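To start, the structure itself, in structure tokens.
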Amino acid sequence: MFLGDDFLLRGILRKTLSWLAVALVLVLTSSLSAWAQSDSSSGGKIVRILVEGNQRIEPETVRSYLVVSPGDPFDAESIDVSLKTLFSTGLFADVSILRRDNDLVVRVVENPIINRVDFEYNKSLDDDELNEEIQLRPRIIYTRAKVQEDVQTIIELYRRKGRFAASVNPKIIELPQNRVDLVFEIIEGPVTGVERISFVGNKKFSGGDLRDVVVTAESRWWKLLETNDNYDPDRLAFDQEQLRKFYLSKGYADFKLISAVAELTRDRKNFLITFTIEEGERYRFGTTDFSTTLEQINKERLLRLLNYEEGDRYNADKIDQVVEVVTFAAGAEGYAFVDVRPRISRDRETLKVNINYEIVEGPRVYVERININGNVRTLDHVIRREFRLSEGDAYNKVLINRSRALIRGLGYFQEVEITEEPGSAPDKTVLNVRVEEQSTGELSIGGGFSSTDNFIADFSITERNLLGRGQFLRFRITLSGRRQQIDIRFTEPYFLNRKLAAGFDLFTLRTDFKDVSGFETSSQGIGLRTGFPVTRFSSLGLRYTFRQDDIEVSDELCFLGIISILVCDQEGTKVTSVIGYSWGMDKRNDPIEPTRGWQVNLSQDMAGLGGSVRYLRSEVGGGIYYGLLPDVVASFRVRGGYTLGWGGEDVRLNDRFFKGGSTFRGFEISGIGPRDLDTDDSLGGEIYGIGTVEISFPTGLPEEFGIKGALFAEFGTVGSLDSSVTLSRPAPFLGIRDDLSLRASAGVSIFWDSPFGPVRLDFAKVFIKEDYDKTESFRFSAGTRL
């Protein structure tokens, strides 16, 4: 055999072996594939799903989160999805899924349940404030993710308090039964103050003027009561809006606020705040017109409602006020759905702003539902019966505002807010009434001092919202150096489920006027009352009172001439039967703190339908309120009265008008009016008229202090005794002065709603008086509730 033949034979052999190897691999692969398919179709399906490691959570609950079930094949992708789904529930700290023969085993480690959440080392924020903001609570499942979210929430709260160095370290204390106590250890750090507030671009107003506009204040050691001298991002955003409103109210219609930057100082103790602004030119009002297609809208009448004239300095606030007034006026004309759109065009050459108010009728919307929230104690129907709208009525903004005022006027709620949200259809809206209840029940023991009544002691049980039904019940005992009173009073505001108030009074009263008029009175009686609305803004009340009055004077002092004979002649007991009515109209925008509107009331009482006293008493009063600035309100109030005896009877001493003290500041109680100069006794008057001009204002102190002030001027008169009372007296007793002359005073009042009760300080100066009047330059009154 040749050598070449041997090489040829070897090559053929190698190729043959290679082909045999490839064939063998193909056979084996085919066999394995067939085996796998056979295994999947016969022995590769899930027979059972077993859950291990669970303590509180039921196995079926765990299985419900899986995307595989018994009978499904062992599919890696489905098992992976199931694993991720279980993790996403937040119920488990760890999850693993494995195959055991034909069983799918799910092993879980449950997250613990929080037993208690506590805070340590927190001082500037109490536990309640922190608990309101975090999401973890007792009996909630503990997860690391939620803990980290709550840590960030707490840090953000401290930053808003100006503590940017605050840190929070969460710790857990493991307890039996897979429970934990969660403790947030808080290092508050120092308060980060505001070192400087700067303004860039201001030319018309100084930095000091603008710092008075923004709420944020610079930190200074002498500002002990300042609470806004730290950096707060939310407050900074509010400051930007305040600057914008300020410039727009001063006529700068092109004002722009470029930026507001807060930089932390190098020592990380304070912030430097810089506002960059562009003032622009100052504008004045140009022409004003109204355009509308509504037939009942009178343009001339609307022009008279404008609160500015052409040439006045431009003020964006006045435009908003005009929109509000025009919307209200259109509603009064029957157009409840109007949209007032002020179209403003600036004339940069003349620096005037021309305005065209477009009044278009919007789509008619109906009230689908009225939801009431926040009333824990007050029944729903007590609130709903004050609503001037019902479900299904056409939407009316005027009636909604009126409803809010009526609900707030109940006095049961600290806050009343009415918001709107879209209904189930475009032409439907849902009204959400949110109320915040305040205490209406009171078991109180009061004490205080007054410059007119000396000491005051008071015990009363009062409920202004009895059983949440809106009923009023009071039992009161009042003791002071001048007055002792016991009374029981009950009122049902909706008698027989109608807008008809009904109630009764039982009382006994003893008043000591010995130091001012030389007599003492005591009265006991019963009164019946009812009242109902006449129109939307007016009401009428009817009443009947039956009482016994006793006037006591000292016979010895009368004999010695120390007490006026006009007082001594009034001694004795009389029975008074009085029927009367009162009518009032109230068109104020708010019954508690009005800023605009007016009110008027009239009352008359006639005694003589039975009893031994005959007189007719008429009184009238009213007031006008006008907001000058935010929280600054001017008011003018008048009140007057006249008592006339009839049937040959003179007006008795205790049925006359005694004014002064709180009813005429600057004068002592019973300090003005007819007086016996021989004994210096006040005799009271049968006519009085008093007017008050007052401007109330904030004092600049934080609102939570509850301190307000008022400038006042009061003027009026008291007098006019029956001629038969004075002229029939012998000559020695003609020292009676009865001058219906003008008196006037002015001054300042300070009101403090203190934790111990209302405190009032009056500083007054009398400018016009008679020489026999009794004046006082200062009066203090206070009380307390224990």
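Rule-based calculations on the coordinates, nothing more; no lab input. A quick note: this is a predicted structure, and the numbers were derived from the prediction, not measured. Using ideal geometry, Cβ is built from the backbone for each residue, glycine included, and neighbour counts are taken over all protein chains shown.
Odds and ends about this structure:
- Electrostatic dipole magnitude of the chain [Cβ: Lys, Arg +1; Asp, Glu -1; Cα centre; debye, to 20]: 1300
- A cut-off under 13 angstrom between Cβ atoms defines the neighbours of Ala502, and their net charge, with Lys, Arg +1 and Asp, Glu -1, is +3.
- The listed peptides 700-708, 643-651, 545-553, ordered by packing as a protection proxy, come out as 545-553, 643-651, 700-708 (highest mean of other Cβ atoms within 10 Å first).
- Dividing the mean sequence gap of close Cα pairs (under 8 Å, 6+ apart) by how many residues the chain holds gives a relative contact order of 5 percent.
- Under the criterion of Cα pairs below 8 Å and six or more residues apart, the relative contact order for region 88-133 equals 28 percent.
- Shown here for region 75-180: trypsin sites (Lys or Arg not before Pro) in loop regions (DSSP other than H, G, I, E, B) with at most 13 other Cβ atoms within 10 Å, namely Lys123, Arg139.
- Per principal axis, descending, Cα span of region 323-368 in whole Å: 50, 17, 13
- Farthest toward positive dipole pole in the chain [+1 Lys/Arg, -1 Asp/Glu at C-beta], among Leu509, Leu294, Gly44: Gly44
- Translational diffusion coefficient (Stokes-Einstein; Kirkwood radius from C-alpha pairs) of region 570-649 at 4 °C, 1.567 mPa s, in µm²/s: 86
- Considering helices alone, the calculated mean residue ellipticity of the chain at 222 nm is -6500 deg cm²/dmol, with DSSP H runs of length four and up weighted by -39500 (n - 2.57) and normalised per residue.
- Net charge over other residues, Cβ less than 11 angstrom from the Cβ of Arg56 (K, R count +1; D, E count -1): -1
- Taking only alpha carbon atoms, region 131-197 gives an Rg to Rh ratio of 1.09, where Rh is the Kirkwood radius.
- The angle between the Cα long axis of helix 233-249 and the main principal axis of the chain comes to about 50°, on a 0 to 90 degree scale.
- Cα-based radius of gyration for the chain, normalised by 2.2 N^0.38 Å, reads 1.48.
- The angle between the Cα long axis of helix 397-409 and the main principal axis of the chain comes to about 70°, on a 0 to 90 degree scale.
- Positive contributions from Lys and Arg (+1) and negative ones from Asp and Glu (-1), summed over other residues with Cβ under 9 Å from the Cβ of Trp752, come out at +1.
- Percent of alpha-carbon pairs separated by more than 23 Å within region 253-359: 45
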